[in-house]
1. When ranked by the protection proxy of mean other Cβ atoms within 10 Å per residue, highest first, what sequence do the peptides 165-172, 151-158 form?
2. State which entries of 264/367; 208/306; 187/387; 208/492; 427/492 exceed 31 angstrom in Cα-Cα distance in the structure shown.
3. With a 10 Å radius around each residue's Cβ, average the other Cβ atoms per peptide and rank 275-284, 447-456, highest first.
4. If you take the Cα Rg of the range 397-530 and divide it by 2.2 N^0.38 Å, with N the number of residues, what do you get?
5. Determine the relative contact order of the range 186-377: mean sequence separation of Cα pairs under 8 Å and six or more apart, normalised by residue count, in whole percent.
6. Need one number: convex hull volume per residue for the range 186-377, Cα atoms only, in Å³.
7. If we sort 219-228, 413-422 on the protection proxy, mean other Cβ atoms within 10 Å, highest first, what's the order?
Amino acid sequence: MCVLKVGVDRENEREDERGEERTKLVERERLNLSRSLKQLSENLKMPPAELRINTESRASRDTLSASVPANGRAEKKFLYVIACFFVFEKKVVGEAAMEETQVGFTELPAAMFHRPHYRPYHTTTHLYQPHLHLTRSGTHVSSLYPEILALIFSHLEVRDKGRAAQVCVAWREAAYHKSVWRGVEAKLHLRRANSSLFASLVRRGIRKVQVLSLRRSLRDVLLGVPNLESLNLSGCYNVTDVGLSHALVVELPCLTVLNLSLCKQVTDNCLGRIAQYLKNLEVLELGGCCNVTNTGLLLIAWGLYKLKRLNLRSCWHVSDQGIGHLAGLNAEAARGNLSLEYLGLQDCQRLTDEALKHASVGLAELKSINLSFCVSISDSGLKHLAKMISLRELNLRSCDNISDIGMAYLAEGGSRITSLDVSFCDKISDQALVHVSQGLFNLRSLSLNACQISDEGLCRIARTLHDLETLNVGQCNCITDKGLTIIADSLKNLRCIDLYGCTRITTLSLERIMKLPQLSTLNLGLWHIR
């Protein structure tokens, strides 16, 4: 009995010693982890507040864990805790670049969270992969788990990601993790058959593709990358209706972005295929597709009801009737694109004020519209735009028939626009800025390049538009130091200002402008100042 009692006492003493050792180990790891997470947040430029330490002490286990942001997690089979150093050192020798990274971490088996009587400290807790050698200088990069390597590689530039994959087998496997390539767009020259190309894209989880040149069938791209989300064919002049018809034979539910800018052989027939098989399309770029007509817009209004962004720049055959189709005014034939948030109509010279009326009636969600170089748009059309409470950005650049009266319509109509561009509108004068200062209080960006404005107009907007961040008054020859000084004294939130070609200002006012606390961009182009 005495022997048993002594044995129990010694066992209790050893258990107490082990408990003290465990407590010291947890506290030591906690302090190391705190320092390491702070350094990690600095290197990864993550807010320190998003990294916190959580220590749990229970009768059956002592665990140490850390929570990191969702985009920085490396949890799969184990819970990895970054606990040492996160250091990038770049040494460039000729054209070669080498990344040397040291990271330490704690491994906690997932099973310990499901076995209440499991004693994790019967074995040693490591800050590295147990089967790899640990030197006094720390954990070498070759000892890192693949998930940690993938986390590091995700912060590299695209070119460096490719170089990292060529270092060794372990780095290649880590570099092919889908989290490393999230959001990356692959740029391809499809000149010859390469069966391994698309398999490589799929393995890396790449869902955005830009085709720089096309000599193969477009169908190979769509079949090779079935989960494709974005396809950019801009500038591929040999893309035709026939090629797209052969490629679009089944629905592609994942594809949401399609760019056909400057594909000048694309016609309404192609848009019919797109409307039939790309039902989930949200962005469609048709800039420079000069063969698209109102019939094509009818097909878009019929099939692409989820569309949010549509660019029709330089589609010269589009008229008021086509905008009516988009607005759903012909409900019997098409429901319309009522979810549109951006509509690009730059250089669509057949559009008149009637098109703006259609847009104000049917496109209630529209936030931005580009009407630059639409020479047939007049002040009357702005009456309709002023009624659109969702409109935030309005581009009227080089609309020759827009005058001070149009600005009055916008201001009196309660428009909530934050960005206005009336550059090269010859009929815009100081009176327009009077109207702007009295009604467009939400403006953050105002472009008045080559307009007939002077110091008096600048004084007007300086009194009320205190939230203005961008002001472009290039080639306004009537502006002097007086107006610029008032701007510098009143608009403290200015970040960008364009003074190109303002030949009557001197260094006196420029010195005042340079003292603006938020200023980041200043365009001078003042050849006459020495």
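Every number here is computed from the coordinates shown, using simple stated rules; none is lab data. Every value quoted in this text rests on a predicted model; they were computed, and no experiment measured them. Glycine also receives a Cβ, built like all others from the backbone with ideal geometry; neighbour counts cover every protein chain displayed.
1. 151-158, 165-172
2. 187/387; 208/492
3. Result, highest mean first: 447-456, 275-284.
4. 0.97
5. 14 percent
6. 100 Å³
7. In decreasing order of mean packing, 219-228, 413-422 become 413-422, 219-228.
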